[in-house]
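The values are calculated or read from the model by the stated rules, or taken from the named source; none is laboratory data. This one's a predicted model, so the numbers in the text were calculated from it and none came from an experiment. Please note: Cβ atoms are built from the backbone with ideal geometry, for glycine as well, and neighbour counts cover all protein chains shown.
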Amino acid sequence: MKSRARNINSCSKNTDKFRKLSPENTQEIELEINQPGPGEEKIIVAQLDSEIIRVLRIVKRCPAGFPQLLLLKPFSPVLISPTIFWLSCPVLRERISRLEDRGLLEELTARYQNQQDFACRLDKAHQAYAALRRKLLSPGDREEAEEISQDLLDTLLNSGVGGIKDRGGLKCLHAHFAHYYAGSANPAGSEVAARLSHLFLCRYCKKFSRKLSAKEG
């Protein structure tokens with residue numbers, strides 16, 4: 001039986017911190033900046049129960065028109081976030097949390113440790129994620145992050161999905177699914193998507209819509 005170390009080394013030669021993504025592996029995800037309007041910001045704040053996030057674009061919406069997936073600025077004065085794709089939909093977050101509770105994170109981690117093809121594809125997803133994050137960091141962002149600490153700058157530049165820094169496979173199913181849902185080839189996110197029954201207009205969205213209408217009235 002081949003050792004895990006040998007399997008890893010056969011994937012690529014320089015992925016310990018998911019660096020040096022080759023051009024042919026870059027995931028072409030639209031990074032256009034189109035910040036949400038005031039009304040959409042209110043919805044996002046209500047969904048996340050937080051006002052500190054810096055949303056660059058709403059990537060996906062549910063059939064009811066509510067934000068589902070957000071692209072975030074990774075570095076700002078109010079929030080430092082190596083996770084650039086966030087799920088704002090409370091229903092999606094809850095369903096994925098249930099999958100984690102049922103052991104899916106451990107199951108996929110075991111696949112990463114034992115299945116070479118899965119591990120190679122996941123390593124490429126980590127590399128692609130880091131490359132996307134780097135595109136969102138301005139020279140000023142990098143300078144400010146370095147002033148805080150070199151470790152922070154390294155995390156922002158080189159960590160993988162969910163901010164994972166060393167070879168360990170998976171950290172958060174929400175982050176992997178969000179990466180996949182944004183349009184990237186992420187095998188862990190694909191496995192999560194296969195276990196989500198559907199992304200439809202749920203009861204929560206209907207109630208949420210009525211709640212917002214009542215507040216505005």
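When 46, 5, 64 are checked against the criterion of being at pLDDT 75 or above and part of a helix (DSSP H, G or I), a single residue qualifies: 46.
Taking the criterion of being charged (D, E, K, R) and within 22 Å of residue 184 (Cα to Cα), the residues of segment 36-66 that qualify are 54, 57, 60, 61. Scanning segment 110-119 for residues that are surrounded by fewer than 17 Cβ atoms within 10 Å (Cβ to Cβ) and of a type outside the set (Gly, Ala, Ser) returns 113, 114, 115, 116, 117. For segment 20-35, does any single residue satisfy the condition of being at pLDDT 60 or above, in a loop (DSSP other than H, G, I, E, B), of a type outside the set (A, V, I, L, M, F, W, C) and at negative phi? Yes, some residue in segment 20-35 is at pLDDT 60 or above, in a loop (DSSP other than H, G, I, E, B), of a type outside the set (A, V, I, L, M, F, W, C) and at negative phi. Considering segment 176-189, and only residues there that are in contact with a His (Cβ under 9 Å, 6 or more places away or on another chain) and in a helix (DSSP H, G or I), the residue that is surrounded by the most Cβ atoms within 10 Å (Cβ to Cβ) turns out to be 188.
Say we look at segment 73-84 and pick out the residues that are among the aliphatic types (A, V, I, L, M) and over 16 Å from residue 131 (Cβ atoms); which of these is surrounded by the most Cβ atoms within 10 Å (Cβ to Cβ)?
At the first step, the residues of segment 73-84 found to be among the aliphatic types (A, V, I, L, M) are 78-80, 84.
Keeping just the survivors that are over 16 Å from residue 131 (Cβ atoms) gives 78-80.
On the way: 78: 9, 79: 13, 80: 17.
The qualifying residue surrounded by the most Cβ atoms within 10 Å (Cβ to Cβ) is 80.
The number of residues in segment 77-133 that are over 14 Å from the mean Cα position of the chain (by Cα), over 30 Å from residue 66 (Cβ atoms) and touching a residue at least 12 places away in the same chain (Cβ under 8 Å) comes to 11. The set of residues from segment 190-207 being modelled with pLDDT of 70 or more and assigned to a helix (DSSP H, G or I) comprises 190, 191, 192, 193, 194, 195.
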